[in-house]
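To start, the structure under review is shown below, and the notes come after it.
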Amino acid sequence: MQASGYTAAAALGQARAPVQVSVILPVHDAEPWLDECLGSVLQQDFEGSMELSIFNDASKDKSMTIIEKWKEKLEGSGILVVIGGHDSPSPRGVGYSKNQAIAQSSGSYLCFLDSDDVMMPQRVRLQHAAAVRHPTSIIGCQVRREPPNSTERYTRWINHLAPDQLLTQVFTSNGPTVIMPTWFCSRAWFSHVGPFDEGGRGVPEDLLFFHEHLRKGGGLVRVDQSLLLYRYHPGAATHSVLETTIWTHRVRFLEEWALPHWATFTIWNAGRQGRRLYRSLTAGSRCKVVAFCDVDENKIKKGFYCYEDSQERPKPRVPVLHFRAAQPPFVICVKLDLTGGAFEDNLRSLHLQEGRDFLHFS
């Protein structure tokens, strides 16, 4: 394998006529899962032309041996295989690998696949059909988690967001409402939005691309069938991204994309998360916060929150109100599905419209 270029197969891939769908597969030390992953590419029931574009990011295990074994099987069934990579001492990261796999591919549509996940046979067919109908959208799907009981709340959120919530809940700590392992989009739209950030380990390249996609007016569509086995394990790349990094990107995007539309707003949660959001805002956004609201009588009795670390004089004192006495719009810093339904009941009782009157941040 070449240290910084593509294999001969990749070079040939650039010269041939475009295929309909390129499956984009970055690989780094994926030996435990690759057989199942590559087998799921072979089992696709899509009747159009398809290729698999693999970029091996400095794997030190037997990933390349497994890839070479499957190359013959895949090409024997009519799926072209393009392999690139490098064998430097250290990996360059997921963003770099995805960009390289895309650059060496030729499909009109891109189907993203993680090396530890498994596609259902109908995935490419159903998402391709949706992408043709929605050429400027990221197409996702429902997922089945492995192990089955891992991240139950997150999995429920992924699978059951209403279509309009794919846009209204883009600020939550769960990240992109259409999750990266399920992404499918046109090459033309990817080129308009991308490429992925190549900062390497610790950079949330999918979240950054997702935000840029929304900035450029991209849509979000989910195929409501479970088309991917989405594996959870300690070695997953997502675990390398610090919560504080994600928090910072989320706050800045909230300030850029939502808060300019509101002259004032209320932070729903006078506790730690609500106060953290307030402190994280720029001075201009903090000036728009007219109150905190809560159900905790002790917080409400105190009457206000004082931002002690502020350089302003006098220091800001923000009222703390019962939620029924507060005025929308709200930025909600209460985690969904954790209060036995009490929070959701309180919110519904106000008859507000998500997106216009409130947004979820936690």
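Points to keep in mind about this one:
- Ignoring the sites themselves, the chain has its longest run without GluC sites (Glu not before Pro) in a DSSP loop having at most 12 other Cβ atoms within 10 Å at 48-307.
- Integer Hz, Karplus 6.51/-1.76/1.60 couplings in order for the stretch 294-304, x for Gly and Pro: 6, 10, 6, 4, 5, 5, 5, 5, 4, x, 7
- Dividing the Cα radius of gyration of the stretch 68-114 by 2.2 N^0.38 Å, with N the residue count, gives 1.30.
- Cleavage-rule hits (trypsin sites (Lys or Arg not before Pro)) in the stretch 118-212: DSSP loop, at most 13 neighbouring Cβ within 10 angstrom: R201
- Net charge, S240 excluded, C-beta distance under 13 Å - Lys, Arg +1, Asp, Glu -1: -2
- Per residue value of the accessible surface for the stretch 60-165 (all protein chains in place, 1.4 Å probe), Å²: 43 Å²
- Net length available on complete extension from E75 to L352 is 94.3 nm, with 0.36 nm assigned per residue and the Cα-Cα distance removed.
- For the stretch 21-241, the carbon plus sulfur part of the accessible surface works out to 51%, probe radius 1.4 Å.
- A simple count of charges around K60, restricted to other residues whose Cβ falls under 11 Å of its Cβ and scoring Lys, Arg +1 and Asp, Glu -1, yields -4.
- Percent carbon-and-sulfur accessible area, the stretch 250-360, ignoring ligands, DNA and RNA, probe 1.4 Å: 51 percent
- All other residues whose Cβ lies under 11 angstrom from that of N269 are scored, Lys and Arg at +1 and Asp and Glu at -1, for a net of +3.
- Rough spin-label spacing in nm, given labels placed 7 Å along Cα→Cβ, for V132 and C287: 5.3 nm
- For the chain, fraction of C-alpha pairs farther apart than 32 Å, in %: 38 percent
- You can think of it this way: the chain between E308 and D61 has 83.7 nm of extra reach, that is 0.36 nm per residue less the Cα-Cα gap.
The values are calculated or read from the model by the stated rules, or taken from the named source; none is laboratory data. Please read these numbers as outputs of a predicted model, since none were measured by experiment. Note: ideal-geometry Cβ built from the backbone for every residue, glycine included; neighbour counts use all protein chains shown. When the accessible area is computed, the model is the full protein with side chains, heavy atoms only, and any ligands, DNA or RNA have been set aside. Shrake-Rupley method; radii C 1.70, N 1.55, O 1.52, S 1.80 Å.
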